[in-house]
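My questions all concern the structure below.
What follows draws every value from the coordinates through simple rules; no lab data is involved. The shown structure was predicted, so the numbers you read here are calculated from the model rather than taken from an experiment. Neighbour counts are summed over all protein chains in view; Cβ atoms, including those assigned to glycine, are modelled from backbone coordinates with ideal geometry.
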Amino acid sequence: MFSIVYNVWPIIEETIVEYIDVDFTLWLSWLLMPLLITFLLPLVIVLLLYSTSIILYIYKLHRVRLRNAYGTAWQNAARYIVAALWDAHGWIWHGYEIVGLENIPQDKPVLFIYYHGAIPIDLYYFTSKVFLFNSKLVHTVADRFLFNFPGFSIISDVLKVIPGTVQTCSAILKEGNMLSISPGGVYEAQFGDSYYELMWKKRMGFAKVALDAKVSIIPLFTRNIREAFRTVSWGRRMWLRIYTWIKFPLAPVYGGFPVKLVTYVGKPIPYDGNLTPEELQLKVANALRKLIKEHQIIPGNITRALIERIRNIER
């Protein structure tokens, strides 16, 4: 009996694959289509409501700034619109806040040094809010691979994003501007984790910039930035080898979770010409580690970060 079934089954299997498989797949897709639509339509409504909320937030909080901006050059008007969009997104999706804005000098150039999340969305929110409320544009140093993407050139031109050398960064600060740098860069973004350890290696270009331009340094840290977006933990050695080889970030990033984000602005570290670049790098790193220790529960937790949208969780 079992031998008959054993001999006949391959014929049945071949028939199913040859004659039924395509029709079955088509039939299954039609069967599941209403179910998919049932789940997708509410998402469309949520997207529309979210867009409506952003528009209303912009009109309520920034209508005067946007109206006044159109009396200036188109680049400045565009900056206000983009900043208002990012500010609205941060407020609605992450309940974004800045603590310590009073630490930013109003009439002096300053170098911001920040911890780099998997995606530096906190920097977008921070620079947007500073521009909207202080009318000052924070120049940003970005990794060179970004400048190879189509459409990025206009972003870099209008929003002052540069690849950055010691000379160009120093020149920007000497002109009286504000500049932000993450010493960890893409390496820290790709291979950092929820323990929030600095991954600067021996990079001290920012220290040379600050000493050459004779400016103070302000450390920045955003609570829960690693819980908003994360890089996958599997295959870390493989991704590290690939990055070391081609210098291009390929480790997959996931997330977009609506966790609570708060950027803490540290006390300015004043210019001290007696310090070497190595000593200044260590001083800034310790200041940033102190911010992390004071304001981030280690290890970071996505569920806890989501709960913080509702109530504050003390350390």
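Amide H to amide H, which residues 5 or more places from THR222 or on other chains are under 5 Å from it, using H placed in the peptide plane?
Counting only residues 5 or more places away or on other chains, the set is TYR115, TYR264.
Sticking with this structure for a sec: According to the Kirkwood expression over distinct Cα-Cα pairs, how big is the hydrodynamic radius of the range 212-290, in Å?
15.6 Å is the Kirkwood radius here.
Next question. Counting other beta carbons within 10 Å of each residue's own, what order do SER233, SER194 fall into, fewest first?
SER233, SER194
Still on this structure, I have one more. In whole Å, what is the distance between the alpha-carbon centres of the range 208-225 and the range 74-141?
So the separation of the two Cα centres works out to 15 Å.
Sticking with this structure for a sec: Against the globular-protein guess of 2.2 N^0.38 Å, express the Cα radius of gyration of the range 74-307 as a ratio, rounded to two decimals.
This ratio for the range 74-307 stands at 0.97.
Please list, in order along the range 282-292, the HN-Hα scalar couplings obtained from phi with the Karplus expression 6.51 cos²θ - 1.76 cosθ + 1.60 (θ = phi - 60°), rounded to whole Hz, x for Gly and Pro.
My calculation for the range 282-292 gives 5, 5, 5, 4, 5, 5, 5, 4, 5, 4, 4 Hz in order.
In Å, what is the Rg of the alpha-carbon atoms in the range 40-194, and how long is Dmax?
My reading of the Cα-based Rg and Dmax gives 16.7, 53 Å.
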